[in-house]
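Read through the structure below, which is laid out as C-alpha cells, and then see the notes.
The values are calculated or read from the model by the stated rules, or taken from the named source; none is laboratory data. Quick caveat: nothing in here was measured; it's all calculated off a predicted structure. Glycine also receives a Cβ, built like all others from the backbone with ideal geometry; neighbour counts cover every protein chain displayed.
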C-alpha cells in the first residue's frame with residue numbers, strides 16, 4: 001500500500017447505534033449517485049441493523065470514519081463476505097461526506113479497514129467494485145495497490161445492474 005501518510009488523520013471505529021444519523025447523511029442523492037440512488041427509510045433502518053450485526057456474525061465489519069483533528073464522524077468503511085467468480089472473498093466499500101472529500105481521508109480509512117481484514121486470515125482476497133463513472137473511488141484502489149481485473153456487470157442495488165471496475169488485493173498469502 002503505497003503513499004501512506006506519516007501522521008494518521010483518521011481512525012476507524014466500530015459501527016454503533018448512534019451511526020444511524022451518519023447513514024442518513026450518506027443516503028443523500030449526491031452520495032448515492034454511483035450506487036443506484038437513495039434508499040427509503042425502511043431500507044436505511046435495515047442497513048443499519050445489518051451494520052450493527054455484521055461483526056457478531058463473523059461475516060465482516062463496518063466502521064465509522066473519525067477525523068482525528070476534530071473527532072468528527074466523516075464517513076463509513078467496511079468489508080463483508082461476498083461470493084465472486086466462484087470463490088468467497090471480502091468485498092470492501094466506503095463513503096466520505098462531501099465536505100471531507102479530496103483530502104485522502106477515504107484512502108487512509110480504506111487502508112485501515114484492509115489491515116483489519118487481513119488480521120482475520122479468513123479470505124485471500126478483498127475486492128472493490130467502484131462504478132466505472134466514479135474516478136475518485138477508482139483512484140483509491142490504484143493508490144492502495146489493488147490489481148485492476150477489468151470492467152464487470154455488478155448487481156447493486158439488488159435487481160439493478162451497474163457497470164463497475166473489479167479491483168482485487170491479496171490480503172492473506174496462500175499457504
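Look at the stretch 109-125 and say how many of its residues are surrounded by fewer than 23 Cβ atoms within 10 Å (Cβ to Cβ) and under 15 Å from residue 67 (Cβ atoms).
1
Which residue is farthest from the chain's Cα centre (by Cα), if the candidates are limited to the stretch 146-172 and must be touching a residue at least 24 places away in the same chain (Cβ under 8 Å) and loosely packed, with under 13 Cβ neighbours inside 10 Å?
First, the residues of the stretch 146-172 that are touching a residue at least 24 places away in the same chain (Cβ under 8 Å): 154, 156-157, 160, 162-172.
Still in the running and loosely packed, with under 13 Cβ neighbours inside 10 Å: 157, 160, 163.
Working: 157: 15, 160: 19, 163: 17 Å.
Residue satisfying both the conditions and the ranking: 160.
Going through the stretch 126-137 one residue at a time, which ones are surrounded by fewer than 19 Cβ atoms within 10 Å (Cβ to Cβ) and without any contact (Cβ under 8 Å) to a residue 60 or more places away in the chain?
Initial filter on the stretch 126-137 (surrounded by fewer than 19 Cβ atoms within 10 Å (Cβ to Cβ)): 131-136.
Scanning the stretch 126-137 gives 132, 135, 136.
Of the conditions (1) at pLDDT 95 or above; (2) surrounded by 16 or more Cβ atoms within 10 Å (Cβ to Cβ); (3) assigned to a strand (DSSP E or B), residue 82 fails just one. Which one is it?
Going through the list (1) at pLDDT 95 or above; (2) surrounded by 16 or more Cβ atoms within 10 Å (Cβ to Cβ); (3) assigned to a strand (DSSP E or B), residue 82 breaks only (1).
List the number of the failed condition for residue 142; all other conditions in (1) more than 22 Å from residue 21 (Cβ to Cβ); (2) over 14 Å from the mean Cα position of the chain (by Cα); (3) in a strand (DSSP E or B) hold.
Result: residue 142 fails condition (3) only.
Confirm whether residue 52 is over 20 Å from residue 167 (Cα atoms), within 16 Å of the chain's Cα centre (by Cα) and either at pLDDT 85 or above or not in a strand (DSSP E or B) (or both).
Details: over 20 Å from residue 167 (Cα atoms): yes; within 16 Å of the chain's Cα centre (by Cα): yes; either at pLDDT 85 or above or not in a strand (DSSP E or B) (or both): yes.
Criteria met by residue 52.
Anything in the stretch 92-105 that is assigned to a strand (DSSP E or B) and either touching a residue at least 40 places away in the same chain (Cβ under 8 Å) or surrounded by 20 or more Cβ atoms within 10 Å (Cβ to Cβ) (or both)? List them, or say none.
Scanning the stretch 92-105 gives 92, 94, 95, 96.
When the stretch 111-137 is examined, which residues are found to be in a loop (DSSP other than H, G, I, E, B) and at negative phi? Lay out the reasoning, then the answer.
Step one: list which residues in the stretch 111-137 are in a loop (DSSP other than H, G, I, E, B), which gives 120-124, 129-130, 132-134.
Result: 120, 122, 123, 124, 129, 130, 132, 133, 134.
Of everything in the stretch 7-24, what is touching a strand residue (DSSP E or B) at 6+ places or on another chain (Cβ under 6 Å) and in a loop (DSSP other than H, G, I, E, B)? Give them in sequence order.
Within the stretch 7-24, 15 is the sole residue that qualifies.
With (1) touching a helix residue (DSSP H, G or I) at 6+ places or on another chain (Cβ under 7 Å); (2) in a strand (DSSP E or B); (3) more than 19 Å from residue 30 (Cα to Cα) as the list, and residue 168 as the residue in question, which single condition is left unmet?
All conditions are met except number (1).
When you check residue 108 against the structure, is it touching a residue at least 60 places away in the same chain (Cβ under 8 Å), under 13 Å from the mean Cα position of the chain (by Cα) and not in a loop (DSSP other than H, G, I, E, B), yes or no?
Against the criterion (touching a residue at least 60 places away in the same chain (Cβ under 8 Å), under 13 Å from the mean Cα position of the chain (by Cα) and not in a loop (DSSP other than H, G, I, E, B)), residue 108 qualifies.
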